[in-house]
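The values are calculated or read from the model by the stated rules, or taken from the named source; none is laboratory data. As the structure is a computational prediction, the values presented were derived from the model and not from experiment. Don't worry about glycine lacking a Cβ; one is built from the backbone with ideal geometry, like all the others, and counts go over all protein chains shown. Just so you know, the surface numbers come from the protein's heavy atoms only, side chains and all, with ligands and any DNA or RNA stripped out. Shrake-Rupley method; radii C 1.70, N 1.55, O 1.52, S 1.80 Å.
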Amino acid sequence: MARKLLLENINVPGINTFDVYRQQGGYRAVEKALKSMSPDDVVEEVKKSGLRGRGGAGFPTGMKWSFLAKPEGKARYLVCNADESEPGTFKDRYLMTYLPHLLIEGMIVSSFALGAKVSYIYVRGEMMPQIRILEKAIAEAKNAGFLGKNILGSGYDLELYVQPGGGAYICGEETALIESLEGKRGNPRIKPPFPAISGVWGCPTVVNNVESIAAVVPIINDGGEEYAKIGNGRSTGTKLISASGNINKPGVYEIELGLPVEEFIYSDDYCGGIANSKRLKAVVAGGSSVPILPANLILKTITGEPRLMSYESLSDGGFQSGSMLGSGGFIAFDEDQCIVRNTWNYARFYHHESCGQCSPCREGTGWMEKVLHRLEYGHGKMSDIDLLVDVAKKIEGNTICPLGDAAAWPVASAIRHFRDEFEWHVTHPKEALERNYGLANYAEFTNAI
Amino acid sequence: MSEEIAKVKVTIDGITVEVEPGTSILNAARQIGGDIVPPAMCYYSKLEGSGGKCRTCLVKVSKGSEKDPRPMPKLVASCRTTVMDGMEVENITSPEVIEARKGIVEMLLINHPLDCPVCDQAGECDLQNLAYEHGAEKTRYEFERRTFDRIDIGDKVQLHMNRCILCYRCTYVADQITDNRVHGILGRGDASEISTYIEKAIDNDFSGNVIDVCPVGALTDKTFRFKNRVWFTKPVDAHRNCPTCSGKVTLWYKGEEVLRVTARKDQFGEVEEFICNTCRYDTKKTNDWIIEGPTHIDHTSVISSNHYEMAKPLPVIQKDQLLIEANKVEFDRATKI
């Protein structure tokens, strides 16, 4: 089985307590960073590692850190984005439940690198157990002298707070998260200014995903160059994938980036194949907001190369024939699943979660949901399909924050790849209510294994 | 800092203008004037932090700046994007922008009740103008439009939430002009609505300004409610000595009677100076005011149907010799009128 960096000790009993975590070599990174490195060294090490943001956009973390403005006399903040609410993604919750100290260790090292004296973990409001786990872990770490004043005698002070979120998907967008953290309505801010210049309370702020911050720990322990050796091309290191859907073994898996998608789906080390010996129909590779891909395109790119689990390979072919790694929410659909119903379900989610600030997203998401609902329940018209494509196009790129894109992409891609299924819903409304369309054109590719 | 700040050059639809650094694209376009000014439903130059929400002012930046000539990847909201030296912007010359704007107008209208025949705002409604200029004549939306429960927010201001396009202007007024904010946005997504804190009344000296800033008929004057259509009334500029505000207003006459009082609006539909509630509601007699003269109304406005003014060619056309020749027919017609 492949190398594990984050989940290495996940099976050690009591790893969620400070003592066991420390015995397993925890908080080494804090000691190393605070005693033998300068903040700039840490940033440099993360830059060398090639770590890319694990929250979805894949922006290089080291680069993000180096953009942080450092004006005199102004506080700087690190905010950990634990508002994980993307349908299909549950890796951060897993990490926080079982390895809270890994996140805290990462927070201490990252805050030290950025010179933040106060840092926040913004946890999704629904994750009450995780909030308690983190608060307990922070208390333990503080008792042991890893938080608070003068950590390990280095003269560096850090206070770490857990902030329960207001319970909105939009608060996972970094500027909306900052607004919510400040106690306001979670509306995304208009950029520029970017948080690196003016974030929490107008001070320079870095917002990082839970997994990105946790990944800083092995980078400091083993060195950035060592970390960069793992993976494939510009996708370095390991990534947590939340696998769900019609697979035999759903769960969170740590993979080395560059693993072939085919191996990930069918190997017994990972998903273990499609459940009930069914055939694969489609995959959403990175959480609900990325484009859906049919079985033939997820296993091989349009040029016939095997597709790998990496930032580049999954987006190969652009939006015509590719998708995105996103936040790593891997959802597999077998031949019995209805793509129209699934698309409607996603559209319903984005309609419900739109903040209502800018008009294309506020009005367009609801419109798409209604049209998809009509199609799914057998009252659709042929023109509805083109209407959906057009509405999605009008939303995409015209909104303040990426939620508009996230709402438009699943709909546009589902129609791009499964248009025949949408048309079948129009031409056979009664049948569509009783059974699903099945594999149709994608059957020949599903006998691969 | 030196006394003179170097001005930056920006080209919008082929017309170059020099503006102060830090100006937004929209304000630079307003300095040029004419057709190339992007429409703005939520931006309000007098309200800090407004803008960026309605997305009707989207423009294409085909050249970022002199230093970094790369175009911007997406359409940007011109009201919240500052100009850079050497920036080139496409507004009405870009089919992409026109297409996107058409989409936005359609989105704004799908849940709008389109009850213009009974709406007091009709005739001076920004959404009406916008839809007339950019929208398609027919909607593709075939579902029931969303509705809200009626709430009463006081005896002066009438709230019609169904007509609201959520521009947030009134909440900025409440924040920045009045001293006591009692209303804001409740809810999320297309269920979000303007509301007061547990149906409290909006009541303070400057609360009436929410009526003037509202681009649609969501907030209207209760004292003018169903009294008349705006194009049957005659606007007259007037002022009075007011202890709380500037006292510069527009009186809307029907015969001898003042039907309502509003703040004066500039050519972009923005209030010149905010007025207090005493001027707006309590001084509706001609004796209270010193009359200055009839208000200038743009000839394109439906309000001008009662007093025609000379049609003037757009300022853009007047500036450019080539455009003068291209628009000769219209130019001649305008001078004849």
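Looking at B:Tyr141, B:Tyr168, just one residue is open to solvent by less than 30 Å² (accessible area, probe 1.4 Å), touching a residue at least 12 places away in the same chain (Cβ under 8 Å) and more than 25 Å from B:Asn277 (Cβ to Cβ), and that residue is B:Tyr141.
Screening B:Ala131 with (1) in contact with a His (Cβ under 9 Å, 6 or more places away or on another chain); (2) modelled with pLDDT under 90; (3) surrounded by fewer than 17 Cβ atoms within 10 Å (Cβ to Cβ) gives one miss only, at (3). The helices (runs of 4 or more DSSP H) located wholly in region A:278-329 that include 1 or more residues which are of a type outside the set (S, T, N, Q) and out of contact with any Gly (no Cβ under 7 Å at 6 or more places or on another chain) occupy A:295-299, A:318-321.
Taking the condition of being more than 28 Å from A:Gly404 (Cα to Cα) and either of a type in the set (D, E, K, R) or not in a loop (DSSP other than H, G, I, E, B) (or both), how many residues in region A:78-105 meet it? Show your work before the answer.
Taking region A:78-105 first, the residues more than 28 Å from A:Gly404 (Cα to Cα) are A:95-105.
Then drop every residue that is not either of a type in the set (D, E, K, R) or not in a loop (DSSP other than H, G, I, E, B) (or both), which leaves A:95-98, A:100-105.
Residues in region A:78-105 being more than 28 Å from A:Gly404 (Cα to Cα) and either of a type in the set (D, E, K, R) or not in a loop (DSSP other than H, G, I, E, B) (or both): 10 in total.
Got at least one residue in region A:158-169 being closer than 30 Å to A:Arg348 by Cβ and assigned to a strand (DSSP E or B)? Within region A:158-169, one or more residues are closer than 30 Å to A:Arg348 by Cβ and assigned to a strand (DSSP E or B).
One line per residue, one yes/no per condition, for (1) in the same structural domain as A:Ser212 (by TED's automatic domain parsing); (2) touching a strand residue (DSSP E or B) at 6+ places or on another chain (Cβ under 7 Å); (3) surrounded by fewer than 22 Cβ atoms within 10 Å (Cβ to Cβ); (4) not acidic (Asp, Glu):
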site: A:Gly55; (1), (2), (3), (4): yes, yes, no, yes
site: A:Gly58; (1), (2), (3), (4): yes, yes, yes, yes
site: A:Phe67; (1), (2), (3), (4): yes, no, yes, yes
site: A:Lys70; (1), (2), (3), (4): yes, no, yes, yes
site: A:Cys80; (1), (2), (3), (4): yes, yes, no, yes
site: A:Asp83; (1), (2), (3), (4): yes, yes, no, no
site: A:Leu99; (1), (2), (3), (4): yes, no, no, yes
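Of the residues making up region B:250-271, those that are in a loop (DSSP other than H, G, I, E, B) and over 12 Å from the mean Cα position of the chain (by Cα) are B:Gly255, B:Glu256, B:Arg264. Taking region A:358-438 as the region of interest, the helices (runs of 4 or more DSSP H) fully inside it that hold 3 or more residues being away from chain B (no Cβ under 13 Å) and among the β-branched types (Val, Ile, Thr) are A:403-427.
Counting only strands (runs of 3 or more DSSP E) that sit wholly inside region B:130-238, those with at least 1 residues that are away from chain A (no Cβ under 14 Å) and touching a helix residue (DSSP H, G or I) at 6+ places or on another chain (Cβ under 7 Å) are B:157-159, B:219-221.
Within region B:18-66, restricting attention to residues that are surrounded by fewer than 20 Cβ atoms within 10 Å (Cβ to Cβ) and among the small types (Gly, Ala, Ser), the residue that is nearest to the chain's Cα centre (by Cα) is B:Ser45.
Restricting attention to region B:38-60, which residues are closer than 17 Å to B:Gly14 by Cα and more than 13 Å from chain A (Cβ to nearest Cβ)? Hit for region B:38-60 is B:Pro38, nothing else.
Whether a residue is open to solvent by 40 Å² or more (accessible area, probe 1.4 Å), at negative phi and in contact with an Asp or Glu (Cβ under 8 Å, 6 or more places away or on another chain) was assessed, and B:Asp120 does not pass this test. Here region A:46-77 is the region considered, the condition is being out of contact with any Phe, Trp or Tyr (no Cβ under 9 Å at 6 or more places or on another chain) and not in a loop (DSSP other than H, G, I, E, B), and the residue that is nearest to A:Gly148 (Cα to Cα) is A:Trp65. Scanning region A:439-449 for residues that are part of a helix (DSSP H, G or I) and modelled with pLDDT of 50 or more, we see that the one that is surrounded by the most Cβ atoms within 10 Å (Cβ to Cβ) is A:Tyr442.
Being more than 14 Å from A:Ile241 (Cβ to Cβ) and open to solvent by less than 20 Å² (accessible area, probe 1.4 Å) is the filter; apply it to region A:276-288 and report the residue that is nearest to the chain's Cα centre (by Cα). Working first, answer last.
Quick first cut of region A:276-288, residues more than 14 Å from A:Ile241 (Cβ to Cβ) only: A:276-282, A:288.
Applying the additional criterion that residues be open to solvent by less than 20 Å² (accessible area, probe 1.4 Å) yields A:280-282, A:288.
Numbers: A:Leu280: 23, A:Lys281: 23, A:Ala282: 20, A:Ser288: 10 Å.
Of everything passing the filter in region A:276-288, A:Ser288 is nearest to the chain's Cα centre (by Cα).
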